[in-house]
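**Q** The structure that follows is given in the form of structure tokens.
The values are calculated or read from the model by the stated rules, or taken from the named source; none is laboratory data. On a predicted model such as this, the values are computed, not experimentally measured, just so you know. Note: ideal-geometry Cβ built from the backbone for every residue, glycine included; neighbour counts use all protein chains shown. Surface areas here come from the heavy atoms of the whole protein model, side chains and all, with no ligands, DNA or RNA. Shrake-Rupley method; radii C 1.70, N 1.55, O 1.52, S 1.80 Å.
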Amino acid sequence: MKKLLTILKALVLVMPLIMAACATHKKVTETKPVELIDSSKVATLQRVSDTANKAEFVTSKMKFTIKMGALSQSLTGNLKMKRNDVIRLQLMAFGFVEAGRLEFTKDYVLIIDRINKQFLRAPYHHVDFLRKSGINFYTLQAMFWNELFLPGNEQVTPADYEKFDIQHADENTIISYDKDEKMLYSWLTDAMTGRIKMANVVYTPLQGSSSQLNWDYQSFSPLGRKMFPDDMKITLTTASKEVKMELKLNYLGNDSDWETRTQVSAKYNEVTVDEILRRFMAL
């Protein structure tokens with residue numbers, strides 16, 4: 001149980017860092033002249049889009065590992081996702097008792113600590129670190145689904161292709177988006193299949209230290225007629241620390257027989273972000 005508490009503590013501490021690394025900002029709307037897009041560029045980006053698995057439901061058993069400083073722990077759990085609706089990670093104690101849950105919807109984030117019978121549920125703009133970073137649910141979804149994304153957008157359409165830059169390098173293609181002065185987004189893709197091998201986000205504020213998020217896709221398994229990432233390594237690097245997480249998925253499926261919204265027991269106490277952080281820091 002102590003190991004589980006340590007992992008939950010690390011997760012809560014890491015989430016603000018990940019959100020900051022995935023930061024997006026308000027876009028400035030302006031009229032631009034119509035540009036002709038290179039046909040090879042269109043073909044490359046369309047190949048990446050076509051390769052992605054657009055399954056509505058994705059469910060899987062998972063092994064979750066986190067390394068942060070001297071901490072290195074693993075837990076089993078479940079991943080349940082419904083496209084354009086919810087991403088849920090359930091962490092298990094002893095392999096069969098749920099002890100913690102992270103749930104992201106389009107409208108709010110929910111963190112449940114079943115050990116201490118407390119929870120946090122708030123719209124994104126009510127959570128300080130989410131509001132400041134401008135996090136978008138669809139950014140996280142694209143990372144899990146092995147897709148391209150644009151800050152502030154729900155999805156990437158052919159009309160958005162002119163916003164990306166591409167560079168061919170041997171058997172790979174590098175796709176990038178750098179229209180935000182503080183952000184640089186890039187993806188390493190397989191030139192033949194269009195499959196994304198790695199997503200990289202670099203956040204460089206006007207003042208202060210930069211941070212970097214790498215989302216590496218180590219392997220893929222069949223899910224329906226297309227492949228889906230089943231081993232993802234996530235590395236967050238800031239000026240003060242490096243956090244490594246790995247999600248290994250087993251028994252990928254499309255189970256839709258589950259409630260997409262968690263109902264929190266009336267016996268649980270609702271806490272603020274500061275309160276839940278203080279509780280975990282004291283463990």
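**Q** Between a first residue in region 191-204 that is more than 12 Å from Phe220 (Cβ to Cβ) and a second residue that is outside any loop (DSSP other than H, G, I, E, B) and among the β-branched types (Val, Ile, Thr), which pairs have beta carbons less than 6 Å apart while being 6 or more apart in sequence or on different chains?
**A** What qualifies is Ala191/Thr173; Gly194/Val48; Gly194/Thr51.
**Q** Exactly one condition in (1) within 18 Å of Met143 (Cβ to Cβ); (2) in a loop (DSSP other than H, G, I, E, B) is not met by Thr193; state its number.
**A** It is condition (1) that Thr193 fails.
**Q** Sticking with this structure for a sec: Enumerate the pairs (first residue in region 205-226 and within 12 Å of Ala239 (Cα to Cα); second residue anywhere and open to solvent by less than 40 Å² (accessible area, probe 1.4 Å) and in a strand (DSSP E or B)) with beta-carbon separation below 6 Å, excluding pairs fewer than 6 apart on the same chain, so at least 6 apart or on different chains.
**A** Close Cβ pairs satisfying both conditions: Gln212/Val202.
**Q** Limited to region 206-240, what total is found for residues that are surrounded by fewer than 13 Cβ atoms within 10 Å (Cβ to Cβ), on the phi < 0 side of the Ramachandran plot and part of a loop (DSSP other than H, G, I, E, B)?
**A** Residues that pass the stated criteria total 6.
**Q** List pairs: first residue in region 79-90 and part of a strand (DSSP E or B), second residue polar (S, T, N, Q) anywhere in the structure, Cβ distance under 6 angstrom, at least six positions apart or on different chains.
**A** Leu79/Ser60; Lys80/Thr59; Lys82/Thr260; Val86/Thr105; Val86/Thr260; Gln90/Asn78
**Q** Can I ask one more? Looking at region 98-120, which of its residues are of a type in the set (Val, Ile, Thr) and within 22 Å of Gly253 (Cβ to Cβ)?
**A** Matches in region 98-120: Thr105 only.
**Q** Could you check region 91-103 and list, in sequence order, the residues that are part of a strand (DSSP E or B), open to solvent by 10 Å² or more (accessible area, probe 1.4 Å) and not aliphatic (A, V, I, L, M)?
**A** Of everything in region 91-103, those that are part of a strand (DSSP E or B), open to solvent by 10 Å² or more (accessible area, probe 1.4 Å) and not aliphatic (A, V, I, L, M) turn out to be Glu98, Arg101.
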